[in-house]
Amino acid sequence: MARARKASPKKAPRRAKPAPKRTAASAPRLPKLAVWKFASCDGCQLSLLDCEDELLAVAGKIQIANFMEATRAVVDGPYDLSLVEGSITTPHDAERIQEVRRTSKFLVTIGACATAGGIQALRNFADVEEFTRAVYATPAYISTLKTSTPIAAHVRVDYELRGCPINKAQLVEVLSAFLHRRRPNVPDQSVCVECKLRGNVCVAVAHGTPCLGPVTHAGCGAICPSFDRGCYGCYGPKERANPAGLRPWLGRHGLDAGAVRRVFGTFNVGSDAFKQEHEAHG
């Protein structure tokens, strides 16, 4: 008589292992962004804050590690991308920009002060000590350089974004480009192209209005010509600009040597192209 086999005990179903919890150590590291201020009015930093919705979209992909205009929290470097606003006007800043360069993988200068010395570069053509005596009650306490110079005069710069202030759409493009390891798509064209794209009547041709649009970098959207006044060059010279070629035309429309010197002696007087034209009428 055959014996009945004992039924083997049923095995309990295997439970799926819980997914490992992501810790700060295992989470992917976000690129560190630092924003630095030198001699400037803070307008270009405010342009970054004005991005609002665009900045919120980018914020999830970067770590804002150092941005005193927005937060007191500071994360130590090194930094993947540094945005630098302002020019170098003091011995202390000349030393500080070296440290910023050492701790930054990429360094982008933003605005006319950082790319061309700013309006304060007018000191380069005057007696700074005389200015100091006239403005400050105790000049001996003032430590300043005789010149205001762009960041590129002191350290290597990876990209320059021009304007006074900068175009926030171009700034978002620069941030996106560096996040995706590509070159920023910021067109190298003059304000005249922006005028044509907006369908503006040329104020120079139609009304004889002195205008720096042919030699000025685009980015403002041709704001001034759109309101029937000439461009005054707040985005600085476009690449391969020829201000000397514009000189006879400006003269024919009522600008004497002193006036031409003044129109090139504003936000971007420290840039090579505008500086040469400013000095040519000195």
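Below, the figures for the structure above:
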{"item": "Largest to smallest principal axis extent of the C-alpha atoms in region 32-179, angstrom", "result": "49, 28, 27"}
{"item": "Relative exposure of L56, L145, judged by other C-beta atoms within 10 Å (fewest first)", "result": "L56, L145"}
{"item": "Counted charge near G282, where neighbours are those whose Cβ lies closer than 12 Å (Asp, Glu -1; Lys, Arg +1)", "result": "+1"}
{"item": "Rounded FRET efficiency, nearest 0.05, which uses the C-beta distance separating R229 from L179 and R0 of 30 Å", "result": "0.20"}
{"item": "Inter-part distance where region 260-282 and region 137-198 are each reduced to a Cα centre, Å", "result": "18 Å"}
{"item": "Total formal charge among the other residues, if their Cβ is under 13 angstrom from that of S176, Lys/Arg +1 and Asp/Glu -1", "result": "+3"}
{"item": "Stokes-Einstein translational diffusion, region 191-280 - Kirkwood Rh over all Cα pairs, 1.567 mPa s, 4 °C, in µm²/s", "result": "101 µm²/s"}
{"item": "L49-A153 pseudo-label distance in nm [points 7 Å out on the Cα-to-Cβ vector]", "result": "2.9 nm"}
{"item": "Exposure proxy order (Cβ contacts within 10 Å, fewest to most) of W249, W36", "result": "W249, W36"}
{"item": "Computed FRET value (nearest 0.05) for E279 with K196, which takes r as the C-beta separation and R₀ as 30 Å", "result": "0.40"}
{"item": "Estimated [θ] at 222 nm from DSSP helical runs (n ≥ 4, -39500 (n - 2.57)) normalised by residues in the chain, nearest 500", "result": "-9000 deg cm²/dmol"}
{"item": "Cysteines without a disulfide-compatible neighbour (Cβ-Cβ under 4.7 Å), the chain", "result": "C41, C44, C51, C113, C192, C195, C202, C211, C220, C224, C231"}
{"item": "F125/A73 FRET efficiency (R0 41 Å; Cβ-Cβ; nearest 0.05)", "result": "0.50"}
{"item": "Cβ charges +1 (Lys, Arg) and -1 (Asp, Glu), total dipole of the chain, debye", "result": "3100 debye"}
{"item": "Neighbourhood charge, 12 Å Cβ-Cβ cut-off, centred on V269 and excluding it, Lys, Arg +1 and Asp, Glu -1", "result": "+1"}
{"item": "Region 119-263: Cα Rg divided by the 2.2 N^0.38 Å rule of thumb", "result": "1.28"}
{"item": "Structure-derived Kirkwood radius over Cα pairs in Å: which label, when the choices are (1) 21.7; (2) 19.9; (3) 18.2", "result": "(1)"}
{"item": "Residue-wise HN-Hα coupling along region 140-157, computed from phi with Karplus coefficients 6.51, -1.76, 1.60 (Hz; x: Gly, Pro)", "result": "5, 7, 8, 10, 9, 8, 7, 10, 10, 10, x, 4, 5, 6, 10, 9, 6, 10"}
{"item": "Long-range lysine pairs (8 or more apart or interchain), the chain, Cα under 29 Å", "result": "24"}
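Readers should treat all values here as calculations from the given coordinates under stated rules, not as data from a laboratory. For clarity, every value in this text was computed on a predicted model and none was experimentally measured. Note that we place each Cβ from the backbone using ideal geometry, even for glycine, and neighbour counts take in every protein chain shown.
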